[in-house]
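Reading through the structure tokens given below for one structure.
The values are calculated or read from the model by the stated rules, or taken from the named source; none is laboratory data. Every value quoted in this text rests on a predicted model; they were computed, and no experiment measured them. Methodologically, a virtual Cβ is constructed for each residue, glycine included, from the backbone with ideal geometry; neighbour enumeration extends over all protein chains shown. Quick note on the areas: whole protein, heavy atoms, side chains included, nothing else; ligands and nucleic acids left out. Shrake-Rupley method; radii C 1.70, N 1.55, O 1.52, S 1.80 Å.
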Amino acid sequence: MVVSSTYFINIHAIPIFLVGIVTLALGFLVYRSNRQSPAHRHFLALCASIALWLDATSIGLCSTDAGTALHWFKLDNVGVMYISLAFYGFSAEFLQLQRRRSIWIGYALATLMAGAVLFREDFVAGVHRFWWGYFPQWGPASTPFFIIFFSYMAVAFTDYIHTYRTVTTPIKRQQIKFLLPAFVIAYTGSIDFFPAFGYEIYPLGYIPIFLLTAVITTSILRYRLLDAALLVSRSAVYLPLLPFTLLLVFLGHALDDLPPGTLSLLLALVTVIFTIVYVMFQPRLQSAVNKAFFPSRHDAYETLTRFSHAMVMKLDLANLQAELVDTLQAVMGIEKISLFLFDKEKGCYVPKASRGLNEQRSPMRVMNNEPFTNYLLACNQPIVKEELQQRSPGFDERLAATLVETMTQLGSEVCLPLVNKKSLVGFVNLGHKPSLGLYSHDELSLLRSLADNAAIALDNAVLHEEWKHTQLLLRRADRLRSLEAIAGGFAHEVRNPLTSISTFIQLVPSRRDDPYFMDSFSAQVVDDLARIERLIEEILDYARYMKPKFSAESLNNIVSSCLQFIEVKADKLGITIEKHLTDDLPAMLVDRQQIKQVLMNLAMNAIDAMAKTGGRLTVTTRRVVRLDKSGWVQIEVADTGCGIAPEDLPHIFDPFFTTKHESTDRVGTGLGLSIVHQIIQEHGGTVEARSTVGQGTNFLIMLPEGKPKESTAASSSSELAGTFITARRFPIIPRSDR
């Protein structure tokens, strides 16, 4: 301790003095927030009384003689006289009770007692000398003070209990629920009365009293409060600070004989070590407290956080909407919830998903560019209806009334705006929580973060839906553009067989008795009719949109089955068939018949290309892992035939494009490869063609492992030996166009 003539630095007085200064600052902070509020004025009086009590007490503790200490202790008790009355006045105004008369009577009594403290010798009769310093000694005249003090505090406590039982609004209910524990804890501040009567009990009463003022400050400055459970969670983390503070006090007292410099250095070193250890373990301690005391709340926060990050990757709009409302309802226990999104065609916000609402009632629509939606966009944070009803001074009353009316019609207690790229994508309406639970500040912060991610996810999903709709329109447009080519190709292919049939019909009457004519032309007519029938079937296969029926299949088995059908014909033409099938191929979700159709088409094309010279048909399967770590299976069908001319290669997947113009038993219609492309596209895969004239042609089919992905354009490849072509998109008739 450092001694001077009248005062000395008493380590026990420092925290008391600092708490008094902070308390007074809190009072002015609350008062400035709304100077017209009677509750705020009473709270300033309460803080000023507490500050006078604490700061005068701390100076009295630093006094070196009893007379000086007594002077300051009389002044500190002047503050004590007003504490209970100021708190009672604040409580009555805060709870909106009509108690003006009893409040002013109480202040008058407090003033009389303050005068008694200053001018009578039997109220503060003297001082006690304890190991922590001087302390006031109360005399017999203090008895009326105790009667008034505990009477007003008891009435205030009763008012809180009664109002809590009857209130119907979540915020006011939670405010009372938040203040009651602090009020009870503050009562323990009465421990400071015992040393005044000679009991050697260390005066820690300023700590619970300060807690009460801090809680009230939070309650006034923020309508949204940390609920009681979260208060315990947060406060428990700071519990180690209390024993550490007491350790410093007793350590300073025990080492009082050390030189002041050495003692100060030792206390500073202990504080630094404790601070380092506390900072290292504070996050773990917070997590452990949450898991131990509030596991359901901790799990809810974890669930919402994971869902908030996961939903950004979802593109299915309908599922995303349903998952959003279902998750919020399940995790937070909300009875009524609805999601509104902007509808471009209707020019307003319409409900897309809801839970717990009256489905028979006609759905409400919210127009764009009206005060409610404009405020949501400008605010971009959760808005609470009860906060709007208890709006702070300066807030536009007409706007507040409009917002409250709209939220009431929507059944919304809290509205979460979904804003992305400076536009309001939509909003989520949350109803009451169970038992009128309050949406705490932390919950609303978490919901805002979730709303930000939901806005991005919903916006992406809407754009994805629009993209799919655009793709559908493009397919239809491409289908219409291909009708001309289909009609021309069909007319060209049908003309020759129809000519022979017409000639036969014209000559039959005159040559019916000619057996050679009848036999030869009859056979030709049968072949031409079969050709027309085959052409019609292939056109129908091309035009018909057949959704694949997926099942788990072995591609190696499908390849082997197809090659068995063509072995006899290949042997007759001097064509060797080779298979290179990878053993570790996974089972694939494919339509077995359609994949067989693809392989048969490519194999027969290869045989036709090698029919004159013979050659080798090679079918290879292999597993491929792309740069994005996705697994694919590749089927390669290669021949050593004549190849395809470079100018023809870009058109091989066009409808009715064919190079088989010779009169063989397999005259081409130009639809085979178009159907191949259509089937692979519906399986979410790609098909590529590489060819070099005189050397042969390779077809590469890529199919995704697992569930087939959406059809995508074939990816480009680097230049390889020979000419390379990637299959282009061709229109597919949707079901509605069958």
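Which numbered condition in (1) open to solvent by less than 20 Å² (accessible area, probe 1.4 Å); (2) at pLDDT 85 or above; (3) out of contact with any Lys or Arg (no Cβ under 8 Å at 6 or more places or on another chain) is the only one that Gly670 fails?
The single condition Gly670 does not satisfy is (2).
Any residue in the stretch 54-76 that is crowded, with 19+ Cβ neighbours inside 10 Å, closer than 18 Å to Arg41 by Cα and small (Gly, Ala, Ser)?
Within the stretch 54-76, not a single residue is crowded, with 19+ Cβ neighbours inside 10 Å, closer than 18 Å to Arg41 by Cα and small (Gly, Ala, Ser).
Determine which member of the set Ile11, Ile21, Ile16 is outside any helix (DSSP H, G or I), more than 30 Å from Lys172 (Cβ to Cβ) and not hydroxyl-bearing (Ser, Thr, Tyr).
Ile11
For residues that are open to solvent by 40 Å² or more (accessible area, probe 1.4 Å), among the charged types (D, E, K, R) and either within 13 Å of Asn557 (Cβ to Cβ) or in contact (Cβ under 8 Å) with a residue 24 or more places away in the chain (or both), tally how many sit in the stretch 613-637.
Number satisfying all stated conditions: 3.
Which of the residues that make up the stretch 589-607 are touching a residue at least 60 places away in the same chain (Cβ under 8 Å) and either open to solvent by 50 Å² or more (accessible area, probe 1.4 Å) or assigned to a helix (DSSP H, G or I) (or both)?
Leu589, Gln594, Ile595, Gln597, Val598, Asn601, Leu602, Met604, Asn605, Ala606
Take Phe130 and decide whether it is surrounded by 20 or more Cβ atoms within 10 Å (Cβ to Cβ) and either closer than 25 Å to Thr6 by Cβ or touching a helix residue (DSSP H, G or I) at 6+ places or on another chain (Cβ under 9 Å) (or both).
When the stated conditions are applied, Phe130 does not pass them.
For every residue, the table says whether it meets (1) touching a residue at least 24 places away in the same chain (Cβ under 8 Å); (2) out of contact with any Leu (no Cβ under 7 Å at 6 or more places or on another chain); (3) outside any helix (DSSP H, G or I); (4) under 30 Å from Gln175 (Cβ atoms).
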| residue | (1), (2), (3), (4) |
| --- | --- |
| Phe43 | yes, yes, no, yes |
| Ser49 | yes, yes, no, yes |
| Trp53 | yes, yes, no, yes |
| Gly67 | no, yes, no, no |
| Met81 | yes, yes, no, yes |
| Gln98 | no, yes, yes, yes |
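Can you work out which of the residues in the stretch 162-171 that are open to solvent by less than 30 Å² (accessible area, probe 1.4 Å) and outside any loop (DSSP other than H, G, I, E, B) is farthest from Phe94 (Cα to Cα)?
Residue satisfying both the conditions and the ranking: Pro170.
Restricting attention to the stretch 20-43, which residues are open to solvent by less than 50 Å² (accessible area, probe 1.4 Å) and either β-branched (Val, Ile, Thr) or farther than 25 Å from Pro144 by Cα (or both)?
Gly20, Thr23, Leu26, Gly27, Val30, Asn34, Ser37, Pro38, Ala39, His40
So how many residues does the stretch 328-356 have that are surrounded by fewer than 18 Cβ atoms within 10 Å (Cβ to Cβ) and among the hydrophobic types (A, V, I, L, M, F, W, C)?
Within the stretch 328-356, residues that are surrounded by fewer than 18 Cβ atoms within 10 Å (Cβ to Cβ) and among the hydrophobic types (A, V, I, L, M, F, W, C) number 4.
For the stretch 187-201, which positions are over 14 Å from Val124 (Cβ atoms) and of a type outside the set (Phe, Trp, Tyr)?
Thr188, Gly189, Ser190, Ile191, Glu200, Ile201
Regarding the stretch 92-102, can at least one residue be identified that is open to solvent by 30 Å² or more (accessible area, probe 1.4 Å), of a type in the set (Gly, Ala, Ser) and more than 24 Å from Leu211 (Cβ to Cβ)?
Yes, there is a match, as at least one residue in the stretch 92-102 is open to solvent by 30 Å² or more (accessible area, probe 1.4 Å), of a type in the set (Gly, Ala, Ser) and more than 24 Å from Leu211 (Cβ to Cβ).
Anything in the stretch 133-148 that is open to solvent by less than 20 Å² (accessible area, probe 1.4 Å) and touching a helix residue (DSSP H, G or I) at 6+ places or on another chain (Cβ under 9 Å)? List them, or say none.
Gly133, Phe135, Pro136, Ser142, Phe145
Considering (1) over 38 Å from the mean Cα position of the chain (by Cα); (2) modelled with pLDDT under 85; (3) surrounded by fewer than 19 Cβ atoms within 10 Å (Cβ to Cβ), say which one His677 fails and leave the rest.
If we test His677 against (1) over 38 Å from the mean Cα position of the chain (by Cα); (2) modelled with pLDDT under 85; (3) surrounded by fewer than 19 Cβ atoms within 10 Å (Cβ to Cβ), just (3) comes out false.
Is there a residue being assigned to a helix (DSSP H, G or I), under 55 Å from the mean Cα position of the chain (by Cα) and modelled with pLDDT under 65 anywhere in the stretch 515-536?
Scanning the stretch 515-536, I find no residue that is assigned to a helix (DSSP H, G or I), under 55 Å from the mean Cα position of the chain (by Cα) and modelled with pLDDT under 65, so the answer is no.
Are there any helices (runs of 4 or more DSSP H) wholly within the stretch 191-275 with 2 or more residues that are modelled with pLDDT under 70, and if so which?
Once the helices (runs of 4 or more DSSP H) in the stretch 191-275 are filtered for at least 2 residues that are modelled with pLDDT under 70, what remains is 206-221, 228-237, 241-254.
Taking Ile161 as meeting all but one of (1) over 23 Å from Ala56 (Cα atoms); (2) over 50 Å from the mean Cα position of the chain (by Cα), write down the number of the exception.
In the conditions (1) over 23 Å from Ala56 (Cα atoms); (2) over 50 Å from the mean Cα position of the chain (by Cα), Ile161 misses (2) alone.
Might you let me know whether the stretch 119-137 holds any residue that is within 28 Å of Thr217 (Cα to Cα), in contact (Cβ under 8 Å) with a residue 40 or more places away in the chain and out of contact with any Gly (no Cβ under 7 Å at 6 or more places or on another chain)?
no
What pairs can you find where one residue is in the stretch 183-210 and on the phi < 0 side of the Ramachandran plot and in contact (Cβ under 8 Å) with a residue 60 or more places away in the chain, the other is open to solvent by less than 60 Å² (accessible area, probe 1.4 Å) and of a type in the set (Ser, Thr, Tyr), and their Cβ atoms are less than 9 Å apart, with a gap of 6+ or different chains?
Pro195/Tyr202; Ala196/Ser142; Pro203/Thr57; Tyr206/Thr23; Tyr206/Thr57; Ile209/Thr23; Phe210/Thr23
Tell me, which residue of the stretch 366-424 that is of a type in the set (Asp, Glu) and buried (at least 16 other Cβ atoms within 10 Å of the Cβ) is farthest from Asn34 (Cα to Cα)?
Among those that are of a type in the set (Asp, Glu) and buried (at least 16 other Cβ atoms within 10 Å of the Cβ), it is Glu413.
How many residues, within the stretch 139-154, are of a type in the set (A, V, I, L, M) and in contact with a Lys or Arg (Cβ under 9 Å, 6 or more places away or on another chain)?
Adding up the residues that qualify gives 1.
Of the residues that sit in the stretch 680-707 and are farther than 21 Å from Pro650 by Cβ and either assigned to a loop (DSSP other than H, G, I, E, B) or touching a Pro at 6+ places or on another chain (Cβ under 8 Å) (or both), which one is most open to solvent (accessible area, probe 1.4 Å)?
Restricting to residues being farther than 21 Å from Pro650 by Cβ and either assigned to a loop (DSSP other than H, G, I, E, B) or touching a Pro at 6+ places or on another chain (Cβ under 8 Å) (or both), the top hit is Lys707.
Could you tell me whether Ile11 is surrounded by fewer than 24 Cβ atoms within 10 Å (Cβ to Cβ), of a type in the set (Val, Ile, Thr) and out of contact with any Cys (no Cβ under 6 Å at 6 or more places or on another chain)?
yes
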